[in-house]
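Shown next, in structure tokens, is the structure this report addresses.
The values are calculated or read from the model by the stated rules, or taken from the named source; none is laboratory data. Not measured: the values here are computed from a predicted model. FYI the Cβ positions are ideal-geometry reconstructions off the backbone, even for glycines, and counts take in every protein chain you see.
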Amino acid sequence: MCYGMAMMTHRTTFALDETSAQRLKRLSARWHVSQAEVVRRSLEQAESAETSARKDPEAMLRHLHAGGHGMAAEEAAEYLGQVREDRKQWRGK
């Protein structure tokens, strides 16, 4: 039976440069936890930060359209025509 502690099932070995090793030891001492717990917490924080920083593509598109910073319809049609022609050349058609 586990009382709130995670069951550790994986062991990992990795090499750190001297500066990183010292940072790990300092955090471990400051937080009063093991070095492994520092790594676990750091991974959780890094993943959370990445997830929260990710932009919503739909919201970005709405913002672009609302700001009127897109291409004019004629310019967009010309650009897409050029892309179609380029693709035909790339494909050898």
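So here's what we get for this one:
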read-out: Unique residue being surrounded by 10 or more Cβ atoms within 10 Å (Cβ to Cβ) and in a helix (DSSP H, G or I) when the list is Val38, Val33; value: Val38
read-out: Flag for Gly70 being modelled with pLDDT of 80 or more, surrounded by 10 or more Cβ atoms within 10 Å (Cβ to Cβ) and over 25 Å from the mean Cα position of the chain (by Cα); value: no
read-out: Arg54 being out of contact with any strand residue (DSSP E or B) (no Cβ under 7 Å at 6 or more places or on another chain), closer than 30 Å to Ser20 by Cα and either surrounded by 10 or more Cβ atoms within 10 Å (Cβ to Cβ) or not small (Gly, Ala, Ser) (or both); value: yes
